[in-house]
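Notes follow once the structure below has been shown.
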Amino acid sequence: MDERPPEESDPLPPDPDDPLERTSGITLETCYRHPRVVTGVHCTRCGRPICPDCMTPAPVGYQCPECVAEARRTAPRRRMRVRFFLGRPGSITTTLLMVNIAMFMVEVVVGGSGSLFGGPSERKLFDLGALYPPAIALGHQYWRLITPMFLHAGLIHLAFNSYALYLLGFLVEDAFGKIRFLAIYFIAGFLASVTSFAFGPIGEVGVGASGAIFGLLGAWVAFNYRRRTSPMASANLRWALMLIALNAILGFSIPGIDWRAHLGGLVAGALLASVLEGFGPRTLRPFVQVAGLIILVAGGIALTALRIATFPALGGPGA
């Protein structure tokens, strides 16, 4: 039986030996939502083909609208919480700033409107807890080594210290954490007052948070010196040293600045930072931290006791 020749309308099978009829083997697909749009992109989550109108950028590739909607439905929702200052980054610094401002408002109320810029009288500051060596040595009012950190002699004094606390506080608090930050601030402030009491004039009233703030500066220097091979730490260290040099010039050229308290706070802050970061074997670092804090506080107490033992009576030589 004779075979019928193929008609022109009948498709001919491709000839694999004909280079003109070879294909690359790529199967063209269409978007599952838009069947007339050819695409070669697939959803990285479900694998379905998607066109440009259906693509949503994902961490890897693109996702289809259904997968994006499903991810939104199943993703955990953030709970909005109202927290007090102690629950936020930099919260201790913020709280200290507010306490200093609140105490200054008390000073203005006690000292009258004239104390806004010039500060209350020395008598009023003394009543509020200012550092006064005879009251410590002869009256045994040791709390005056702490309370001056929250008192200021006028609005300008408060503004300078608040700005310095704003600059350094958030940095040191972020670097050391809240608990160690508090230890640095208060112990450095205490040792700054001790230094002023032990080596300063015996008849002057002293107030201000600058001793504690210089403690933060010393801690920032020690923190970055330990990491000085890092470009960022090296830049931070240069910035801190410039601040120290500037304050040294101001401290020795402007009368009324207690440079002894500044120096004591600076050295104390550097020592505190070194102790709180720890050194030696990791298993011994908690012991080193606790022992170091105890030694520094004990050193301040011993220096206070030594000054009290050698303190001249009022009206005597050197008074």
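Can you work out which of the residues in the range 16-31 that are in a loop (DSSP other than H, G, I, E, B) and open to solvent by less than 70 Å² (accessible area, probe 1.4 Å) is modelled with the highest pLDDT? The qualifying residue modelled with the highest pLDDT is Cys31.
A residue that is free of Cβ contacts under 8 Å to residues at least 24 places away in the same chain and either β-branched (Val, Ile, Thr) or in contact with a Phe, Trp or Tyr (Cβ under 9 Å, 6 or more places away or on another chain) (or both) occurs nowhere in the range 151-174. Scan the range 150-164 residue by residue and report those that are in a helix (DSSP H, G or I) and within 16 Å of Leu96 (Cβ to Cβ). Answer for the range 150-164, where residues must be in a helix (DSSP H, G or I) and within 16 Å of Leu96 (Cβ to Cβ): Phe150, His157, Leu158, Ala159, Phe160, Asn161, Ser162, Tyr163, Ala164.
Picking from residues in the range 129-143 that are in contact (Cβ under 8 Å) with a residue 24 or more places away in the chain and in a helix (DSSP H, G or I), the one that is most open to solvent (accessible area, probe 1.4 Å) is Tyr142. Do we find that Val297 is more than 23 Å from the chain's Cα centre (by Cα), open to solvent by less than 70 Å² (accessible area, probe 1.4 Å) and closer than 21 Å to Ala209 by Cβ in this structure? In short, yes. Taking the condition modelled with pLDDT under 95, open to solvent by less than 30 Å² (accessible area, probe 1.4 Å), among the polar types (S, T, N, Q) and out of contact with any Ser or Thr (no Cβ under 8 Å at 6 or more places or on another chain), does Ser193 pass? For Ser193, the condition - modelled with pLDDT under 95, open to solvent by less than 30 Å² (accessible area, probe 1.4 Å), among the polar types (S, T, N, Q) and out of contact with any Ser or Thr (no Cβ under 8 Å at 6 or more places or on another chain) - is not met. Here the condition is being open to solvent by less than 20 Å² (accessible area, probe 1.4 Å) and over 17 Å from the mean Cα position of the chain (by Cα); of Gly208, Gly203, Gly218, it holds for Gly208 alone. Against the criterion of being in contact with a Gly (Cβ under 9 Å, 6 or more places away or on another chain), modelled with pLDDT under 90 and either open to solvent by less than 60 Å² (accessible area, probe 1.4 Å) or under 30 Å from Ile156 (Cβ atoms) (or both), Phe117 qualifies. Among residues that are outside any strand (DSSP E or B), open to solvent by 100 Å² or more (accessible area, probe 1.4 Å) and at pLDDT 85 or above, Val109 is included.
Please list, ordered by first then second residue, the pairs with beta carbon atoms under 7 Å, 6 or more apart or interchain, first in the range 177-199 and in contact (Cβ under 8 Å) with a residue 12 or more places away in the chain and closer than 19 Å to Ala305 by Cβ, second outside any helix (DSSP H, G or I) and not small (Gly, Ala, Ser). From the range 177-199, the pairs are Phe190/Ile146; Ser193/Leu131; Ser196/Leu131; Ser196/Asp258; Phe197/Leu131.
The values are calculated or read from the model by the stated rules, or taken from the named source; none is laboratory data. As the structure is a prediction and not an experimental result, all values here were calculated from the model. Counting neighbours? That spans all protein chains shown, and the Cβs are built from the backbone with ideal geometry, glycine included. Please note that ligands, DNA and RNA were not included when accessible areas were found on the heavy atoms of the full protein model with its side chains. Shrake-Rupley method; radii C 1.70, N 1.55, O 1.52, S 1.80 Å.
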